[in-house]
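Colleague: Take this structure first; my questions come after.
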Amino acid sequence: MSAIYPTAWRPPPFFGTRTRQRLVIGAALAYLVWSVSTLNVDANRALAGFGRALDLLARMLPPDFSRWELLVKGMKESLQMAFAATLAGVVLSLPLGIAAARNLAPRPVYLAARGLIVVGRTFHEVVIAIFFVKLFGFGPVAGLLTLAFASVIFLGKMLAEDIENVRSGPIEAVRATGAGFGQLVVYAVVPQVLTRTVGTAIYRLDANVRHSTIVGIVGAGGIGQTLSASFSRYDHDFAAAILLGIIALVALGEWLSDWVRRRLR
Amino acid sequence: MSAAAGKRHPGLWRRHSPREIVIGWLWVLAVAAASVWSVSALDIEWLFFQDAHEQAADLASRMWPPRWSYLPQIIAPMIETIHIATLGTAIAVVLSLPLAFLAARNTTANGFTWAVGRGLLVASRSVNTVIWGLLFVAIFGPGPLAGIAAVAARSVGFLAKLVAEAIEEAGRGPIEAIESTGAGTLQVYLVGILPQVLPVLIGTTVYRWDINVRESSVLGFVGAGGIGIYLFASINQFAWQQVLVVLIAILAIVVASEAISAYIRARIS
């Protein structure tokens, strides 16, 4: 009898059956061995890293705020880039969002707009920044255009999805009055997507503040440029001050964006 | 009489009250002022915009046709990029669980530990993967190890925040049931709470992995391994035909990882 009733409780397997669970765990282990062996990570260097981390920490403390003008200038530039890019993104994402909505755009336009979104979303902001730096030279203009490009793609995608989710009743009702395409968008679509779009735009402003801190790594302006420069000069205590500044800026931006979006709902 | 009635009952329907209209316009004004301030202070050199389209056309002509003979050289870095993302995410999952329990109001020990947990979350999330890469290259030297550490450092906060929210929303029933069997705190966490938050953990992990593949593609710019090094080197050599090949390769792995991630998340929910 005791063979039928197990005496100890075992948690149920997460992946359906126990065999499947063992297979998943085995595959994960095999992957781990394979990936670590191909990466040829040097264990000695990894261990030496812990000592060097303490060393780096010692050089970062205490953070040096004596050059705060430089810090404030960089942060201001980042914020300005983020603001201007979000605004440009909102304006330019409207046509893209409408073009990428299946229920409004003709088929070829829809496919072209979706293709642009897929390709545009693939590349990290830093990659896009390199190209804008090549085209417009070093400085915040390249950063602004990078963030604006990324915002247009992101906001366009979100807007398209919101438009595809609108209720078709109002659209049919407005269409039945003989409205043209512009009137259809203004009277049937805009009232349904406005609140969500404002929320997405504020979320994107927050994301742009985050990304404005890194496009400077490739010379596209903002606080990232200051950070990158101080790091390459081994100016670690100033770098620590910049890092604290970035954390404060990003945390504040996220908190504000959460607060506004809660108010909107 | 009729004038008073007219005041109380306006002849024209308006959607917003006068107060709402004023507040709405104040918001518009504030946004306009902020944008004017940001655009004017950036010192935009509009001259650069005049020949931008020619520059872009020139760049495009230099990139075409892609030099496919470069592709075999970047297969290994492409795999390395995916490894960095996967191993970094795996480390982040392991570290995020204790952090999530520390940062959730109902499982943390006291106010101080909660503040420590929340502080770690904010620090991890606020610093971008690329900046973490900069830090870890200074610690581990250039190479994929720094990249893995950077991905892990950024993802820990992301995963732990969402899991901590799931822990705070976990149902009381299972927790009380496990407690009534005389289980210790750790047993309650592992048997009562963990199974409830596991779907959230797995969903966010897969989602984060897909973001991390994209992030790993640029970690090479700060020397933290992956395909970014080859992209950066090709750009610096003005080898634009190679750049196009690398960009196509990145497009392929990012789109593939997004598709895999979307498939798994659709299966879970």
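Colleague: Among the residues of region B:103-125, write down those that are open to solvent by less than 30 Å² (accessible area, probe 1.4 Å) and within 15 Å of B:LEU194 (Cα to Cα).
Modeller: Answer for region B:103-125, where residues must be open to solvent by less than 30 Å² (accessible area, probe 1.4 Å) and within 15 Å of B:LEU194 (Cα to Cα): B:ALA103, B:ALA104, B:THR107, B:THR108.
Colleague: Now a separate question. Take the residues in region A:101-118 that are open to solvent by less than 70 Å² (accessible area, probe 1.4 Å) and of a type in the set (Val, Ile, Thr), then tell me which one is farthest from the other protein chains (Cβ to nearest Cβ).
Modeller: A:VAL109
For (1) farther than 30 Å from A:VAL189 by Cα; (2) modelled with pLDDT of 90 or more, each residue gets a yes or a no:
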| residue | (1), (2) |
| --- | --- |
| A:ALA48 | yes, no |
| A:ARG52 | yes, no |
| A:LEU56 | yes, no |
| A:ASP64 | yes, no |
| A:GLN80 | yes, no |
| A:SER93 | no, yes |
| A:LEU104 | no, no |
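Colleague: So which of B:LEU12, B:LEU47, B:LEU42 ends up being farther than 30 Å from B:GLY226 by Cβ, open to solvent by less than 90 Å² (accessible area, probe 1.4 Å) and at pLDDT below 75?
Modeller: B:LEU42
Residue-wise test of (1) out of contact with any Phe, Trp or Tyr (no Cβ under 6 Å at 6 or more places or on another chain); (2) under 25 Å from B:ILE250 (Cα atoms); (3) of a type in the set (Val, Ile, Thr).
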site: B:SER69; (1), (2), (3): yes, yes, no
site: B:PRO72; (1), (2), (3): yes, yes, no
site: B:ILE79; (1), (2), (3): yes, yes, yes
site: B:ILE91; (1), (2), (3): yes, yes, yes
site: B:LEU99; (1), (2), (3): yes, no, no
site: B:ALA115; (1), (2), (3): yes, no, no
site: B:THR129; (1), (2), (3): yes, yes, yes
site: B:LEU134; (1), (2), (3): no, yes, no
site: B:PHE140; (1), (2), (3): yes, no, no
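Colleague: Could you grab the pairs with beta carbons closer than 7 Å, sequence gap of 6+ or different chains, first residue in region B:124-137 and more than 9 Å from chain A (Cβ to nearest Cβ) and over 19 Å from A:ALA248 (Cα atoms), second one modelled with pLDDT of 90 or more and open to solvent by 10 Å² or more (accessible area, probe 1.4 Å)?
Modeller: Partner pairs satisfying both residue conditions: none exist.
Colleague: Please tell me if B:ALA164 is in contact with a Phe, Trp or Tyr (Cβ under 9 Å, 6 or more places away or on another chain), within 9 Å of chain A (Cβ to nearest Cβ) and surrounded by 24 or more Cβ atoms within 10 Å (Cβ to Cβ).
Modeller: Numbers: in contact with a Phe, Trp or Tyr (Cβ under 9 Å, 6 or more places away or on another chain): yes; within 9 Å of chain A (Cβ to nearest Cβ): no; surrounded by 24 or more Cβ atoms within 10 Å (Cβ to Cβ): yes.
When the stated conditions are applied, B:ALA164 does not pass them.
Colleague: Hey, another quick one. Name the residues in region A:146-168 that are in contact (Cβ under 8 Å) with a residue 60 or more places away in the chain and either at the interface with another protein chain (Cβ under 9 Å from one of its Cβ atoms) or not in a helix (DSSP H, G or I) (or both), would you?
Modeller: Selection gives A:VAL166 alone.
Colleague: From the set of residues in region A:119-140 that are in contact (Cβ under 8 Å) with a residue 40 or more places away in the chain and closer than 22 Å to A:ALA201 by Cβ, which is nearest to the other protein chains (Cβ to nearest Cβ)?
Modeller: A:PRO140
Colleague: So which residues in region B:218-235 are at the interface with chain A (Cβ under 10 Å from one of its Cβ atoms) and either open to solvent by 10 Å² or more (accessible area, probe 1.4 Å) or within 26 Å of B:ARG267 (Cβ to Cβ) (or both)?
Modeller: B:PHE221, B:VAL222, B:PHE232
Colleague: I'd like the residue in region A:202-217 that is part of a helix (DSSP H, G or I) and open to solvent by less than 20 Å² (accessible area, probe 1.4 Å) and, out of all such residues, is farthest from B:VAL130 (Cα to Cα).
Modeller: Of everything passing the filter in region A:202-217, A:ARG204 is farthest from B:VAL130 (Cα to Cα).
Colleague: Considering each of B:ALA90, B:ALA100 in turn, give the residue that is part of a helix (DSSP H, G or I) and either within 11 Å of chain A (Cβ to nearest Cβ) or surrounded by fewer than 23 Cβ atoms within 10 Å (Cβ to Cβ) (or both).
Modeller: Result: B:ALA90 is the single residue among B:ALA90, B:ALA100 that is part of a helix (DSSP H, G or I) and either within 11 Å of chain A (Cβ to nearest Cβ) or surrounded by fewer than 23 Cβ atoms within 10 Å (Cβ to Cβ) (or both).
Colleague: OK, next. Can you name the condition, by its number, that A:ALA176 falls short on among (1) closer than 20 Å to A:PRO140 by Cα; (2) modelled with pLDDT of 85 or more?
Modeller: (1)
Colleague: Under the condition of being open to solvent by 100 Å² or more (accessible area, probe 1.4 Å) and touching a helix residue (DSSP H, G or I) at 6+ places or on another chain (Cβ under 8 Å), which residue from region B:50-69 is nearest to A:VAL141 (Cα to Cα)?
Modeller: B:ARG62
The values are calculated or read from the model by the stated rules, or taken from the named source; none is laboratory data. In this text the structure is predicted, and so the values were computed from the model without any measurement. Methodologically, a virtual Cβ is constructed for each residue, glycine included, from the backbone with ideal geometry; neighbour enumeration extends over all protein chains shown. All accessible areas refer to the heavy atoms of the entire protein, side chains included, with ligands and DNA or RNA removed. Shrake-Rupley method; radii C 1.70, N 1.55, O 1.52, S 1.80 Å.
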